[in-house]
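As structure tokens, the structure follows; a few thoughts come after it.
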Amino acid sequence: MDRAVMAKIRLIVSDFLLAFMWVSSGALNKLFVNRVLGWGHEPRGEIMKATLSIINMFFFAFLGKISKGGAYNPLTVLAGAISGDFSRFLFTVGARIPAQGVKKIGSVEYYLNLLVETQVRLEASFLFLLELISGDKGAALVFLVRS
């Protein structure tokens, strides 16, 4: 295979993985502070969450560097695509951003299912009521069937 094609495939795969890792890291930070440490929304818990978020930013900057351009944020990828040529723009909009979006949606769905199964049934029913009150009965019905 051509080196340019391999580089593009590597970028798509790294975007896919970094998007999942980004969502996972946020959920795992909250689970760690709330459940493992048991600090919840106390001031020391909020300080710990902020500290872990800052460490996350540096860690993901490092991952972007070692993956040679992988990104977890579609806006940063889009900014580079707009300033490049048309083929780069099409590659970004047609492959990289959808890969990031699909993986983020999948990982959020995974963590919602994980949390709903363990402890957060009340939040799920609260979201159902909000969707029902907002008038989106189709979305509320889909949410009810899924949970």
>> Taking the conditions exactly as written (among the aliphatic types (A, V, I, L, M), at pLDDT below 85 and more than 30 Å from Met6 (Cα to Cα)), does Val36 satisfy them or not?
In response: yes
>> Any residue in the stretch 87-112 that is within 19 Å of Lys30 (Cα to Cα) sitting within a Cβ distance under 7 Å of a residue that is open to solvent by 60 Å² or more (accessible area, probe 1.4 Å)? List the pairs, counting only those 6 or more apart or interchain.
In response: Ser107/Phe20
> Any idea which of (1) of a type outside the set (Gly, Ala, Ser); (2) modelled with pLDDT under 85; (3) within 17 Å of Pro74 (Cα to Cα) is the one Met57 doesn't satisfy?
Replying inline: (2)
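The values are calculated or read from the model by the stated rules, or taken from the named source; none is laboratory data. Just so it is clear, the structure is predicted and the values come from calculations on it, not from any experiment. So basically every Cβ, Gly included, is an ideal-geometry build from the backbone, and we count neighbours across all protein chains shown. Surface areas here come from the heavy atoms of the whole protein model, side chains and all, with no ligands, DNA or RNA. Shrake-Rupley method; radii C 1.70, N 1.55, O 1.52, S 1.80 Å.
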